[in-house]
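Structure first, commentary second.
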Amino acid sequence: MRKFWLILSSIVMVISSCTLITYAHQASALGCNDVQFIFARGSGEPLKGASAMAWEEALRARLTNTTLTYNFYELGTETHGGAKYPATAVSGSLGGIGTLIGAYISAGSGFSFGESVAAGQKELKTYINSVSTICPQTQFVLGGYSQGAMLITGILDELPVDKIVYIATFGDPKLYLPEGKGN
């Protein structure tokens, strides 16, 4: 019986060593920055659009004389947790107008607008959890414009408060009409 426990403990040690090596390798590949900046764009905006670039450029200008290591990530760049934020448009086409009407009727929580927000929220939570698992010391700064702001503020109570150091939102539609009239 003692031999069994010795073999079992050896196997557990080997497996856990491999897991730690894997995490260390991933952390090294990821860079484990001090700060991870995450931005969520507004309705219909393309990746690396005007609001995302203005936010990033303003932050980079403020960080020129710092020793912090940091990285920028824009929601919708990659799929995380099976979700990728589309920033569904609410204008510019018949579909966009339909999305706007759906957003109005549901106070922003239903139809394709609500689905877009939900996808972004899932991507955001998964991304933060993934980076935090590999890089436990990394802190997060979140920024969002319009639909992206709504995405962030809608899940504040679901984000790890010990990891988020700052949140900046601009033009959150649920604070204005028509969504501001909703729930």
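The values are calculated or read from the model by the stated rules, or taken from the named source; none is laboratory data. The structure displayed is predicted, hence computed values, not measured ones. Cβ coordinates were reconstructed from backbone atoms using ideal geometry, including for glycine residues, and neighbour counts include every protein chain displayed. Only protein heavy atoms, including side chains, enter the accessible area calculation; ligands, DNA and RNA are left aside. Shrake-Rupley method; radii C 1.70, N 1.55, O 1.52, S 1.80 Å.
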Inset, instruction - Evaluate E = 1/(1 + (r/R0)^6) for D157 and A61, where r is the Cβ-Cβ distance and R0 equals 41 Å; express this FRET efficiency to the nearest 0.05. - result: 0.80
Legend entry - Segments 138-145, 69-76, 47-54 sorted - mean Cβ within 10 Å per residue, highest first: 138-145, 69-76, 47-54
Legend entry - Residues E115 and T69, FRET efficiency given R0 of 22 Å [Cβ-Cβ distance, rounded to 0.05]: 0.05
Legend entry - Cross-link pairs beyond the 18 Å C-alpha cut-off, checked among K48/K163; K84/K125; K125/K163; K48/K125: K48/K163; K48/K125
Legend entry - Surface accessible to a 1.4 Å probe, T153 within the full protein complex, Å²: 40
Inset, instruction - Note down the nm distance, to one decimal, between modelled labels 7 Å out along Cα→Cβ at A54 and at I164. - result: 2.3
